[in-house]
Structures are given as C-alpha cells and as structure tokens.
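Novice: Sharing a structure here in structure tokens format.
The values are calculated or read from the model by the stated rules, or taken from the named source; none is laboratory data. Nothing here was measured: the structure is a model prediction, and the numbers come from that model. Because the Cβ atoms are built from the backbone with ideal geometry, glycine has one as well, and the counts that use them run over all protein chains shown. Quick note on the areas: whole protein, heavy atoms, side chains included, nothing else; ligands and nucleic acids left out. Shrake-Rupley method; radii C 1.70, N 1.55, O 1.52, S 1.80 Å.
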Amino acid sequence: WYQRRVRAGLSGWRPHSDTLHQLIKDHRVKTSVDPTLENKLCSKYCLSYEKLPLMMKIEVFEEVLNCTTGEDLAIILYQKSPSAEIWFERRRNYILSHAVMCMVGYILGLGDRHPSNIMMDRKTGNLIHCDFGECFDVSRDREKFPETIPFRLTRMMRKAMEVTGIHGTYTLTCNDVMEVMRNNATSVLAVLETFVYDPLINWRLVECPDFNEKNSQINARAVEVLSKVKKKLYGVDDVTEKNLEVVEQVQSLIRQATLSENLCQLYPGWCPFW
C-alpha cells in the first residue's frame, strides 16, 4: 500500500515465510509446551524482574535458561526438512544469512531484532529481516530498556547452527562480511551519507516547534550517525578507542551479543530467553 502523507511507506508480501515467533509458538503448542514458559519461570523466581539489580537479574536469567533446552529452532529446521540433504542445505543457509545480517545490521545500528521482526523462508531456510524503523543505534538511546547488544545471537539462534555452534561457518562468514565492508568503507559511507540526510528519516528527536532549529538538530544527528558508522567500519573499540583487526572486532561483537549481563537487561518482548 502507499499512503499520501508526510510519512509514507511501501509494503511487500514475502511468500512462504514465517516469523521466528510464529514458528516457535506453533512448535510449542504442538508439543504441549507453554509458549511463555520462560516468562512464567521468571515470574516464579521473582515478583518484579525488571526492578531487580543487575547481578540478581543475571542469576534469574541464567537459572531460567538452565530449566529449558532452547532447542526449539533447531528442531523446527530438522522436522520441516523432507530429507537430510535439504535439512543440511537449509541449516547452512540459515547460518550464512544470519551471519551476514548480524554484521550488516551492526554497521547500520539496526535494533529491535525480536522474533517477530525476523522471518524464515520455509523453502530455503534463509532469514529475512523486516521493520527497519530502529536503525542507526536508535534502540541503544532509549530511555527505557536501551538495547545492550549489537545483534541477535541468543541461545536458541546458536543451537540451531552446526555442531560447532558459532565457532565455524558463522564466525568465518562474519569475518568475511566485515572484511568486505571494511575494504569498501568509502563506498558504504557514500551511500549512507545520502540516506541519513533524507528528510523522510525519523531521527526520534525531541519535538521542536522551531523549524530551523529542528533542521539543525537533524543535521547534527546525521553527522553523529556517520561518525559512528565510520568507527564501526574501521573497527574502533567504543571503550578503548583502539583500532581492532577484523577477527578481534567480530569476536568482541559476538561476546557482547551472548553475554547474560547484556541479554538480561532487554525488554521481555525482545524474547532474550529464546
């Protein structure tokens, strides 16, 4: 559809695809497992998880993980494949597509990667992302539940990979993708520069009644975004300001994405337990 307003958008239909949330929910219903099992276990251990101090959150988070297997997605990939060859191919496609989008999404600052914003192609196993509204690290700047991870690499996503988990095709692909983007950083920045100045982009700025002042704020935000993207492309560490090699940068990002300390702080709808 197309709507003639100040804010407009285009929407397309993606055939034979389901969101990860729908796939996992359907699988659990068929196997008589509560789709909200982790949240209910969380409520069992504490009355108000969101208000807990960080160390207690980590304890509760890891205890809930210990009570569940997190193999739902791996089983779904296996059961929906008509043969071992097709299963192997779909699993490989799943790993490759996920690795590519993790690195690209990190450079773009793409957030809000909850299971309803990631789809899986039923025929190929490829992951397809939707809803790019929270790009350029907007989700990291939220007042409530700021995202503390660079991309989605939860336990369920890792267990659906090959026997070596993330220490194989996934990491090698991440290294290759980051290497390609770094070698073509000038081209990437040139494309993004025209994109970030687009007046249709919503920067989530504080509403300002003065049009000229608002424009200056948008320009400042665009400059800040380009600076962040440039640092990511060249592997500048946020804390040490040290330039990391591609392998070091990828390992650092994977560590951030899998730390219980970071995952436990995400909002419940992001499904960090999955």
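Novice: Pairs only if they're at least six apart or on different chains, beta carbon under 7 angstrom, first in segment 53-74 and in contact (Cβ under 8 Å) with a residue 24 or more places away in the chain, second of a type in the set (Ser, Thr, Tyr) and open to solvent by less than 30 Å² (accessible area, probe 1.4 Å); list them, first residue then second.
Specialist: Cβ pairs passing all conditions: Ile58/Ser260; Phe61/Ser260; Glu62/Ser260.
Novice: If you don't mind, another one. If the requirement is being among the polar types (S, T, N, Q), outside any helix (DSSP H, G or I), touching a residue at least 24 places away in the same chain (Cβ under 8 Å) and touching a strand residue (DSSP E or B) at 6+ places or on another chain (Cβ under 7 Å), which of these qualifies: Ser97, Ser116?
Specialist: Ser116
Conditions tested, residue by residue: (1) at pLDDT below 85; (2) of a type in the set (D, E, K, R); (3) within 23 Å of the chain's Cα centre (by Cα).
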position	(1), (2), (3)
Val6	yes, no, no
Leu10	yes, no, yes
Thr19	no, no, yes
Leu23	no, no, yes
Val29	no, no, no
Glu38	no, yes, yes
Ser43	no, no, no
Leu47	yes, no, no
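Novice: Among the numbered criteria (1) touching a residue at least 24 places away in the same chain (Cβ under 8 Å); (2) open to solvent by 30 Å² or more (accessible area, probe 1.4 Å), which single criterion is violated by Arg142?
Specialist: Single failed check for Arg142: (1).
Novice: Scan segment 49-71 and give yes if some residue there is of a type in the set (S, T, N, Q) and either modelled with pLDDT of 95 or more or surrounded by 15 or more Cβ atoms within 10 Å (Cβ to Cβ) (or both), otherwise no.
Specialist: Scanning segment 49-71 turns up at least one residue that is of a type in the set (S, T, N, Q) and either modelled with pLDDT of 95 or more or surrounded by 15 or more Cβ atoms within 10 Å (Cβ to Cβ) (or both).
Novice: Picking from Ser83, Ser139, Ser97, which residue would you name as being modelled with pLDDT under 95, among the polar types (S, T, N, Q) and out of contact with any Phe, Trp or Tyr (no Cβ under 6 Å at 6 or more places or on another chain)?
Specialist: Step by step, each of Ser83, Ser139, Ser97 is checked, and only Ser139 is modelled with pLDDT under 95, among the polar types (S, T, N, Q) and out of contact with any Phe, Trp or Tyr (no Cβ under 6 Å at 6 or more places or on another chain).
Novice: A follow-up question, please. Cβ-Cβ below 6 Å, separation at least six or inter-chain, first residue in segment 18-32 and within 15 Å of Arg113 (Cβ to Cβ), second open to solvent by 40 Å² or more (accessible area, probe 1.4 Å) and not in a helix (DSSP H, G or I): which pairs?
Specialist: Thr19/Ser116; His21/Ser116
Novice: Suppose we filter Tyr106, Tyr78 for residues that are of a type in the set (Ser, Thr, Tyr), assigned to a helix (DSSP H, G or I) and touching a residue at least 24 places away in the same chain (Cβ under 8 Å); which single one remains?
Specialist: Among Tyr106, Tyr78, only Tyr106 is of a type in the set (Ser, Thr, Tyr), assigned to a helix (DSSP H, G or I) and touching a residue at least 24 places away in the same chain (Cβ under 8 Å).
Novice: Name the single residue, out of those in segment 85-101 being open to solvent by less than 70 Å² (accessible area, probe 1.4 Å) and over 19 Å from Trp274 (Cα atoms), that is nearest to the chain's Cα centre (by Cα).
Specialist: Val100
Novice: Sticking with this structure for a sec: Among the residues of segment 235-257, count how many are open to solvent by less than 40 Å² (accessible area, probe 1.4 Å), in a helix (DSSP H, G or I) and touching a residue at least 24 places away in the same chain (Cβ under 8 Å).
Specialist: 6
Novice: Let me ask you something else. I need every pair where a residue in segment 178-189 that is more than 16 Å from Lys231 (Cβ to Cβ) has its Cβ under 6 Å from the Cβ of a residue that is surrounded by 13 or more Cβ atoms within 10 Å (Cβ to Cβ), sequence separation at least 6 or different chains.
Specialist: Taking only residues 6 or more apart or on different chains, the pairs are Glu179/Val246.
Novice: Testing Val104 on (1) under 11 Å from the mean Cα position of the chain (by Cα); (2) closer than 19 Å to Leu259 by Cα; (3) open to solvent by 30 Å² or more (accessible area, probe 1.4 Å); (4) of a type in the set (A, V, I, L, M, F, W, C), one condition comes back false. Which one is that?
Specialist: Of everything listed in (1) under 11 Å from the mean Cα position of the chain (by Cα); (2) closer than 19 Å to Leu259 by Cα; (3) open to solvent by 30 Å² or more (accessible area, probe 1.4 Å); (4) of a type in the set (A, V, I, L, M, F, W, C), Val104 misses just condition (2).
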